[in-house]
Amino acid sequence: AQVTLDTIVSLCKRRGFVFQSSEVYGGLSSAWDYGPLGVELKNNIERFWWNEMVRKRRNIVGLDAAILMHPKVWEASGHVENFHDPLVDCKECKARFRADQIDLSAPCPECGAKDSFTEPRQFNLMFKTHLGPVEDESTVVYLRPETAQGIYVNYKNCLQSSRLKVPFGIAQVGKAFRNEIVTKNFIFRTCEFEQMEMQFFVHPSEDKKWFDYWKAERMEYYRKMGIRPEKLRFHQHGPDELAHYAKEAVDIQYEFPFGWRELEGVHNRTDYDLSRHSQFSGKDLSYFDDETRERYIPYIIETSAGLTRSVLMVLSDAYDEEELENGEKRTVLRFHPLIAPITVAVFPLMRRDGLDTYAQNLEEELRDHFNTFYDESGAIGRRYRRQDEVGTPYCITVDYQTLEDDTVTLRYRDSMEQVRVHRNEVVSAIQQAIRE
Ligand code: ATP
């Protein structure tokens, strides 16, 4: 059965993945905090992405640019002029909607009032603030609504300092802010979120080749992460959907509990960004190829994924409920071992006779290799269930036999199979299981 969003939200709160922001004050709408397990999961997804996109590729480098940027950046990028959503209010119940997401001739979806919408008005999604103590037009700065621009304005710095040659990429993970009119569906759409973006600089004649390459690579990445293939699909943008900078665009969509939605965009942005930044800054941002002696403005193929949105995707995808032979139900999050918040949990069968000290020592040893968790309370079956529910792929139990022959029980989350392993072989057994 399809998992509901409510089930995910309540599991997230109960087990410490995601909490409502400022909950003790009644909560701040649309902002969320990542709890002890949530931050591990989010960091693991980020690391997985970084490894796949940066570490494993010779021609891609990383960057971490500031959130605040020169205000001209957002004029050049087109955000000051174009980054609007059309907003309407219901005159009866004051509910707020994006005009392009509802039928304005139908009754209000909240209160059912007829002909109750205001005229649509354009609303810029960028958060504005002021740099320094004076609050006037000259001190306005924006919280970046995407990480991409930090890459474009640093493209020459990266190129020169890293001695890169086209084709090459620059990758960045970080916070972005959008004053979204409608935030709903938990962490799917929020005003503060994180993106994982990689901008790939290519010769204009090779744009199609690289667009197709990244489209395929990015889908492959989700498969590698263990996401169910039938829940993923492409959505090609038609001419009316294309953003002002894009020549071709495809979304990777995931079937969330509330339907198919965008997870990531792959865009051919042409030379729009670098040309605009050249024009607005007065700096030459062209590229010179010393082999062909050709000077040109590279085209950019962008892959832009939501990190916080990926957390929701991964949770939805991993969630499973299973009826066991004894009639009990178990909830299990089937995370890929590389992104599971806890990799190995260690339990002593009893909290006495030296089993606990043995288990604690073993857990400490394993910390050098994995994210571990120690639990000595409650029946062993309950402890397994608690780890299943947070997606821990491996559990180790220390029992009386351990004291005799130094073997422990290694239990696999998915099959629930249990095998006896010598304590000296625990690390390699788990490392091997992760690779499989
Ligand atoms: P939409 O049209 O749904 O507002 P978009 O097409 O403008 O989104 P992009 O600008 O392409 O989105 O952003 C790239 C990625 O960043 C998205 O695929 C999504 O994963 C993530 N993202 C964008 N906006 C938000 C948000 N408000 N909350 C969480 N993630 C977001």
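Points to keep in mind about this one:
- Per-residue surface analysis assigns ASP103 an accessible area of about 90 Å², computed on protein heavy atoms at 1.4 Å probe radius.
- Estimated FRET transfer efficiency when R0 is 60 angstrom, pair SER105-MET416 (beta carbons, to 0.05): 0.65
- Angle of helix 272-281 to the longest C-alpha principal axis of the chain, folded into 0 to 90 degrees and rounded to 10: 60°.
- Just checking the listed ones, ASN51, ASN326, ASN82: in the Gaussian network model of the chain with Cα springs under 10 Å, the one fluctuating most is ASN326.
- Using a simple spin-label model with pseudo-atoms 7 Å out from Cα toward Cβ, ASN326 and ALA243 lie 5.3 nm apart.
- The calculated FRET efficiency for the pair THR292 and LEU131, based on their C-beta separation and a Förster distance of 41 Å, comes to about 0.45.
- For the cross-link pairs LYS209/LYS231; LYS165/LYS208; LYS94/LYS175; LYS72/LYS175, the ones whose C-alpha atoms lie over 22 Å apart are LYS209/LYS231; LYS94/LYS175.
- Counting only protein heavy atoms and a 1.4 Å probe, the chain has 48 square angstrom of accessible area per residue.
- Rounded accessible area of LYS209 (nearest 10 Å², 1.4 Å probe): 110
- Among ARG223, ARG15, ARG382: highest mean-square fluctuation, GNM of the chain, C-alpha pairs under 10 Å: ARG382
- Cα-centre dipole for the chain with unit charges at Cβ (Lys and Arg positive, Asp and Glu negative), debye to 20: 440
- Taking the chain, the Cys residues with no second Cys beta-carbon under 4.7 angstrom are CYS12, CYS158, CYS191, CYS395.
- Ignoring lysines fewer than eight residues from LYS91 along the same chain, the ones with Cα atoms less than 26 angstrom from its Cα are LYS114, LYS184.
- Candidates per chymotrypsin sites (Phe, Trp or Tyr not before Pro) in segment 197-266, loop by DSSP, up to 16 other Cβ within 10 Å: PHE258
- Nearest 10 degrees, 0 to 90: helix 5-15 Cα axis against the chain principal axis: 60
The values are calculated or read from the model by the stated rules, or taken from the named source; none is laboratory data. Quick caveat: nothing in here was measured; it's all calculated off a predicted structure. FYI the Cβ positions are ideal-geometry reconstructions off the backbone, even for glycines, and counts take in every protein chain you see. Protein only, heavy atoms only, side chains kept; ligands, DNA and RNA dropped before computing areas. Shrake-Rupley method; radii C 1.70, N 1.55, O 1.52, S 1.80 Å.
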